[in-house]
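Written below as structure tokens is the structure these notes are about.
Just so it is clear, none of the values below were taken in a lab; they were calculated from the coordinates. If you're wondering where the values come from, they're calculated on a predicted model, not measured in any experiment. Cβ sites come from the backbone with ideal geometry, for glycine too, and all protein chains shown count toward neighbours.
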Amino acid sequence: MGAIEIKVNTASLQSAVEDILRDYGDVVYEATAEGIKAAEKVLIKNLKAASPSIKNPPKGYVKKNFAKNWKGKTSRDKLRRYVGNTTIVTDKKGNEIPLSNILEYSTTRGKPFIKKTHEASIDEMARAVVETIKKEV
Amino acid sequence: MIYSDIQTVLDNALYPDVLSYWLRKTGADADEYIVYTIDSDEATNADDRPLIRNTNIAVRYYFKDSLIGTSAGRTKVQNRAGTIVSALENNGYSVPFGAQNVGDIDDIGYGVLLIECYKGRVV
């Protein structure tokens, strides 16, 4: 009498393997979302460090705490986050303008540093993402 | 040369109605004008030489505040922004964010629409 043989093949395992891979995909997705948060923190840290400041402000200068106002926010897509600065100033007519727009894009009063800082931070942000995924998965 | 390329694209689409300047506007006052800057021109190297360059250009379309006080003026500004974006896209530039209103960033009584564009080229 021959021993019972149980088939082990992709057909019999398909459903179980799919379930496991689906769970694994969820874990990787969540880990990557955490990694993006870590990358966001890196960018905020670097933008704070690169933000221009006035050491000897003139009389009447209103301090805006620009460097402290870098914030991140999420979107519906957890793998996408946005970093911006909430400091607002007003023009002569009283219209509100984000100070970051002036610093980055004004041709007469600008001190561009945001795009440069972002580009210079890409390797560090990528490392933060990978490190977080390694910890989580 | 990327400078002459972007200048030509803008001039072909807008000259003589709107003049385009690199870095800073000069000359007589105008209701509308463009100032563009090359913000980066990153190279991808092969054999220690640049093989591809990816350029990022910030095109700022300035329009006098008073223009948006009328419906006709607002339409003019919108159409102008559309013309600039189309001209860039038709000449190999990608414009991922379209035209964004960044306000009177120079505090001179002119609104500014920012059009960030990118172009990769073999060098």
Backbone HN-Hα couplings from phi across the range A:118-127 [Karplus 6.51/-1.76/1.60, Hz, Gly and Pro as x]: 4, 4, 6, 8, 4, 4, 5, 5, 4, 4
Qualifying lysines (Cα of each under 20 Å from Cα of residue A:41; at least 8 residues distant if same chain): A:68, A:71, A:73, A:78, A:115, A:116, A:134, A:135
The range B:2-122: antiparallel DSSP beta bridges as a percent of all, rounded to 5: 90
Amide H partners (placed H, <5 Å) of residue A:89, local residues excluded: A:97, A:99
Fluctuation leader among B:71, B:40, B:86 - chain B, Gaussian network, Cα springs under 10 angstrom: B:71
Residue among A:106, A:49, A:16 farthest towards the positive dipole end of the range A:5-125, charges placed on Cβ: A:106
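Please work out whether the range A:93-133 counts as rounded, prolate or oblate from its C-alpha gyration tensor, where a ≥ b ≥ c are the square roots of the eigenvalues and a/c under 1.5 means rounded, while otherwise a/b larger than b/c means prolate and anything else oblate?
Oblate shape, in that a/c is at least 1.5 and b/c is the bigger or equal ratio.
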The range A:39-48 - phi-based ³J(HN,Hα) in whole Hz, Karplus 6.51/-1.76/1.60, Gly and Pro as x: 5, 4, 4, 4, 5, 4, 4, 5, 5, 4
For the range B:37-48, Karplus couplings with θ = phi - 60° (6.51, -1.76, 1.60), whole Hz, Gly/Pro x: 10, 8, 7, 7, 8, 6, 9, 9, 8, 9, 6, 6
Helix-only CD estimate at 222 nm, as mean residue ellipticity for chain A, using -39500 (n - 2.57) per DSSP H run (n ≥ 4): -18000 deg cm²/dmol
Shape of the range A:11-136, Cα gyration tensor, a/c cut at 1.5: prolate
Helix axis angle, B:2-14 relative to chain B longest principal axis, alpha carbon, degrees: 30
Computed magnitude of the charge dipole of the range A:28-82 (debye, nearest 20; Cβ of K, R +1, Cβ of D, E -1): 380
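Rounding to the nearest 20 debye, state how big the charge dipole of chain A is about its Cα centre with +1 on each Lys and Arg Cβ and -1 on each Asp and Glu Cβ.
Working: 26 positive and 17 negative charges, 308 e Å.
Taking the Cα centre of chain A as origin, the dipole is about 1480 debye.
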Electrostatic dipole magnitude of the range B:2-122 [Cβ: Lys, Arg +1; Asp, Glu -1; Cα centre; debye, to 20]: 240
